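Visitor: One structure coming up, written as structure tokens, with questions to follow.
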Amino acid sequence: MQILLRRYNFKHIFFVLGCCFINASFAQKPAHLVRPSDTLNSDAFFNTVQQSLQFFYSDYANDTKYDSIINTLQYEPGEIPNFTDEQICERLQKMNEMTPFHLDCNAATISTIRFFARERRSFIRIAMGRSALYFDMYKEKMAEYGIPIELRFLSVIESGLRPQIKSRAGALGLWQFMYKTGLYFDLDENSYIDERMDPEKSTDAACRYLKQLYGIYGDWNLALAAYNAGPGNVNKAIKKSGNKTTYWEVRPFLPSETQGYVPNFIAAAYMMTYHAEHNIIPMEAKIHNAQLDTMCLKEGVHMSTIARLTDWDVEDIKLLNPVYKTTFIPKTKPARCITGPLDKISLLVSVEDTIYTLEKSIYSPVKPTIIEVPVATIISDTSVSVQEDSSMIVDSLPHQENVQYHKVKPGDNLKNIALKFNVSIDQIMEWNALRTANIYVGQRLKIYTSQAPKIPQNNVPKPQAKKYYIVRSGDTFTRVAQKYNLTQAQLQKLNPGVRINRISVGQRLRVK
């Protein structure tokens, strides 16, 4: 079987092993004692297990614990709560009890936490949404190498959990590896791939690197400093400090950027742990790591070929497979793989031979070829009719339903463009696949927004008192709430009488 179910959870394993044990016990019965109900067709058995796992994945991905905390604290939408130094220190102490890190509570860390809580709220919200795609995999890798799982927060401050982000110095990927450091840790690069952007391989490399650094310094905070500034700079700082052995003793002698590195790490760890207490609702996760599967390909294939047979958008394929520089997946040894949602990978396996045939007919045609595709492999979402789609209230949707384009003018930068359209810099970069914040005059930027660009005050229309959203196929009450930065309780307060587990396509929900 070519599907590689790599992302396990103990509950998954126990469930599957339990089913296999039951099945095996039936098979061991004497022939005269086996009833028809004791036998199970292998395909039916596999489908039953897969369906059960999908139900579990769905529940696991939608598990939101922040809602009850925010409701208990009775926060209003957008409210920014304030906490005393003592309260922050108490929370850091609780975190310290569960980690070998020293998450020190001092003037530097408190000041950085307050800055994050006030000025980086949108960043934390977006990072929380992206974490659903990576944090389970991070934990698995870190447990494998026996290093603290709190190191997952390092990727937040390194890349904002964007695998294609590249720094001005040339560092790339979730863990921001420089080219030579990537080569040292076996991260390959050629015209088609850059494994610094491979989430799993780069995470494995980061774990090995961090473990080596801890082996040198015996202090996780110094290991983080060395990850940022390089062991050479840390060794110089240690000598200047009089051979001190802890980060805070050595910190005054480190480069200025590295002096803020550990406080930033502690602030990110704190904010992502206590985001609900600070009234920060995670951005809606497009997909959860537990809902992914992987298949390896025998031949080189364009993503557009895969998209044609599986109804899987090329941009979504690229999002989940950032290791590929282009939309072509080359043939290599060992074989290159593709990651995607369980249903897409299952479908991909079922049409694998057809994909290779179609690929050759498009990109290496010898003569006109007719490709017969089984009807069952063509997937289309007909659950939303044209009437339903056209009835959407466009002003309510800050997504593809209300797209605008901005042509970059002299003096423009991402900050003033983001302010103009009332969106974040991170969103503009994500919508336009920008690896850096550099833009050029004449460039067209795609903007998804529910608000029109700012216009002179005398022409500003009166703001509408209420805003509504029309429920679409696949929506849940929780997803609609997340989309508009609300808790379930806040959304229900706006829609009294609505049953949160019984919303339907076409239903009108008030969101403001």
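The values are calculated or read from the model by the stated rules, or taken from the named source; none is laboratory data. Computed from a predicted model, the values in this text were never measured in an experiment. Using ideal geometry, Cβ is built from the backbone for each residue, glycine included, and neighbour counts are taken over all protein chains shown.
Visitor: All but one of (1) part of a helix (DSSP H, G or I); (2) farther than 30 Å from LEU151 by Cα hold for TYR270; which doesn't?
Guide: For TYR270, the failing item is (2).
Visitor: Which residue is farthest from SER241 (Cα to Cα), if the candidates are limited to the range 256-273 and must be crowded, with 20+ Cβ neighbours inside 10 Å and among the β-branched types (Val, Ile, Thr)?
Guide: Looking at residues that are crowded, with 20+ Cβ neighbours inside 10 Å and among the β-branched types (Val, Ile, Thr), I get ILE266.
Visitor: So ILE338 fits all but one of (1) closer than 22 Å to LEU133 by Cα; (2) at pLDDT below 95; what number is the exception?
Guide: Failed condition: (2).
Visitor: Another question, then. Mind checking which residues of the range 73-117 are within 19 Å of HIS278 (Cα to Cα) and of a type in the set (Ser, Thr, Tyr)?
Guide: Residues satisfying the conditions are TYR75, THR84, THR109, SER111, THR112.
Visitor: If you don't mind, another one. Tell me which residues, restricted to the range 314-334, are over 11 Å from GLY300 (Cα atoms) and hydrophobic (A, V, I, L, M, F, W, C).
Guide: Residues satisfying the conditions are VAL314, ILE317, LEU319, LEU320, VAL323.
Visitor: Still on this structure, I have one more. Going by the conditions given, is GLY506 modelled with pLDDT under 85, closer than 21 Å to GLN74 by Cα and outside any helix (DSSP H, G or I)?
Guide: no
Visitor: Residues of the range 115-171 being under 23 Å from LYS286 (Cβ atoms) and of a type in the set (Gly, Ala, Ser), which ones?
Guide: SER122, ALA127, GLY129, SER131, ALA132, SER155, SER159, GLY160
Visitor: Kindly provide the set of residues from the range 485-501 that are over 16 Å from ALA276 (Cα atoms) and under 25 Å from the mean Cα position of the chain (by Cα), ordered by number. Spell out how you get there, then give the answer.
Guide: In the first step, residues of the range 485-501 are kept if they are over 16 Å from ALA276 (Cα atoms); the result is 491-501.
Hit for the range 485-501 is LEU491, nothing else.
Visitor: Considering only the range 401-418, state which residues are modelled with pLDDT of 80 or more and part of a strand (DSSP E or B).
Guide: Within the range 401-418, GLN404, TYR405, HIS406, LYS407 qualify.
Visitor: Kindly indicate whether ASP316 is surrounded by fewer than 18 Cβ atoms within 10 Å (Cβ to Cβ), modelled with pLDDT of 90 or more and not β-branched (Val, Ile, Thr). Walk me through it before giving the result.
Guide: Numbers: surrounded by fewer than 18 Cβ atoms within 10 Å (Cβ to Cβ): yes; modelled with pLDDT of 90 or more: yes; not β-branched (Val, Ile, Thr): yes.
The answer is yes for ASP316.
Visitor: Continuing with the same structure: All but one of (1) assigned by TED's automatic domain parsing to the domain that holds GLY260; (2) assigned to a loop (DSSP other than H, G, I, E, B) hold for ARG91, so report the exception by its number.
Guide: Every condition holds for ARG91 apart from (2).
Residues are listed down the side, and each one gets a yes or a no for (1) at pLDDT below 75; (2) buried (at least 17 other Cβ atoms within 10 Å of the Cβ); (3) under 19 Å from GLU76 (Cα atoms); (4) of a type in the set (D, E, K, R):
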{"residue": "GLN457", "(1), (2), (3), (4)": "yes, no, no, no"}
{"residue": "PRO461", "(1), (2), (3), (4)": "yes, no, no, no"}
{"residue": "SER473", "(1), (2), (3), (4)": "no, no, no, no"}
{"residue": "ALA481", "(1), (2), (3), (4)": "no, yes, yes, no"}
{"residue": "THR487", "(1), (2), (3), (4)": "no, yes, yes, no"}
{"residue": "ARG502", "(1), (2), (3), (4)": "no, no, no, yes"}
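Visitor: Quick one: which helices (runs of 4 or more DSSP H) sit completely within the range 106-189 and have at least 3 residues that are crowded, with 20+ Cβ neighbours inside 10 Å and at pLDDT 95 or above? If you could, list the steps in order and put the result at the bottom.
Guide: Working: elements: 107-119, 121-145, 152-159, 179-184.
Hits in the range 106-189: 107-119, 121-145, 152-159.
Visitor: On to the next question. Considering only the range 310-324, how many residues are within 20 Å of PRO199 (Cβ to Cβ) and assigned to a helix (DSSP H, G or I)?
Guide: Taking the range 310-324 and keeping what is within 20 Å of PRO199 (Cβ to Cβ), we get 312-324.
Applying the additional criterion that residues be assigned to a helix (DSSP H, G or I) yields 314-320.
Selection size over the range 310-324: 7.
Visitor: Assess whether MET142 counts as being assigned by TED's automatic domain parsing to the domain that holds MET197 and over 26 Å from ILE425 (Cα atoms).
Guide: Numbers: assigned by TED's automatic domain parsing to the domain that holds MET197: yes; over 26 Å from ILE425 (Cα atoms): yes.
Yes: the conditions hold for MET142.
Visitor: Only one of ALA307, ALA276, ALA290 is at pLDDT below 95, buried (at least 19 other Cβ atoms within 10 Å of the Cβ) and part of a helix (DSSP H, G or I). Can you tell me which? Steps first, answer last, please.
Guide: Details: ALA307 fails: buried (at least 19 other Cβ atoms within 10 Å of the Cβ); ALA276 fails: part of a helix (DSSP H, G or I).
Just a single option satisfies the conditions, and that option is ALA290.
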